[in-house]
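Throughout, read-outs are computed from the coordinates displayed, never taken from laboratory work. It should be emphasised that the depicted structure is a prediction, and the values quoted were computed from it without experimental measurement. Here the Cβ positions follow ideal geometry from the backbone for every residue, glycine too, while neighbour counts run over all protein chains shown.
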Amino acid sequence: MREGIEFHADRHQRTRLGSFLAAFLFIFLAASFAAPDKAHADFRVCNTTQNLVGVALGYRAKSGWITEGWWHVNASSCTTLVVGPLTSRYYYLYAEDAQSGGRWDGKINMCVAENQFKITGINDCFARGFQRAGFQEYDTGEQTSWMVQLTEENPPSSPIVTDTPPQ
């Protein structure tokens with residue numbers, strides 16, 4: 001009889017241990033999904049000037065060329081334009097200083113609009129009711145994150161753009 005009681009106790013302990021392990025595994029998995037990811041993968045623009053800057057982004061998608069804007073990047077702050085790992089190798093950036101009129105531009109022409117926009121296609125901007133702006137190309141290589149820093153080290157009419165992969 002005693003052996004039966006011990007066997008029953010062993011079975012009860014194994015059931016409790018199994019329940020404990022199942023609860024621990026559930027909590028661990030739930031915490032893993034809920035915890036914020038420490039490694040940020042994104043495309044960010046940092047504005048080191050003392051003025052508000054409007055930013056437009058261009059990229060190649062399955063549906064063709066896309067330009068989007070305007071993100072407002074406050075003075076001495078950063079804004080994320082693409083959240084998550086980068087899916088394109090090349091991104092294109094155009095920015096305007098909202099107060100002084102300075103521009104961060106490049107040689108790649110794409111469409112923009114006066115107000116918030118998402119435009120498919122980069123040809124015939126004027127005929128489609130948009131404006132055209134010169135975007136700077138950024139080759140992000142195999143990086144999953146990228147940061148562009150807008151500075152005013154040059155005269156306000158032609159500020160420079162520097163690109164840096166995250167450390």
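Here are some notes:
- Prolate/oblate/rounded label for region 42-164 (Cα gyration tensor, a/c 1.5): oblate
- Other residues lying with their Cβ under 13 Å from the Cβ of Phe130 contribute a combined charge of 0, Lys and Arg counting +1, Asp and Glu -1.
- Residues whose amide H lies under 5 Å from that of Arg44, counting only those 5 or more places away or on a different chain, are Leu81, Trp146, Met147, Val148; hydrogens are built 1.01 Å from N in the peptide plane.
- Charge dipole (debye, nearest 20) of region 42-164; +1 at Cβ of Lys and Arg, -1 at Cβ of Asp and Glu: 400
- 5 angstrom amide H check on Ala98, placed H, neighbours 5+ away: Leu52, Val53, Gly54
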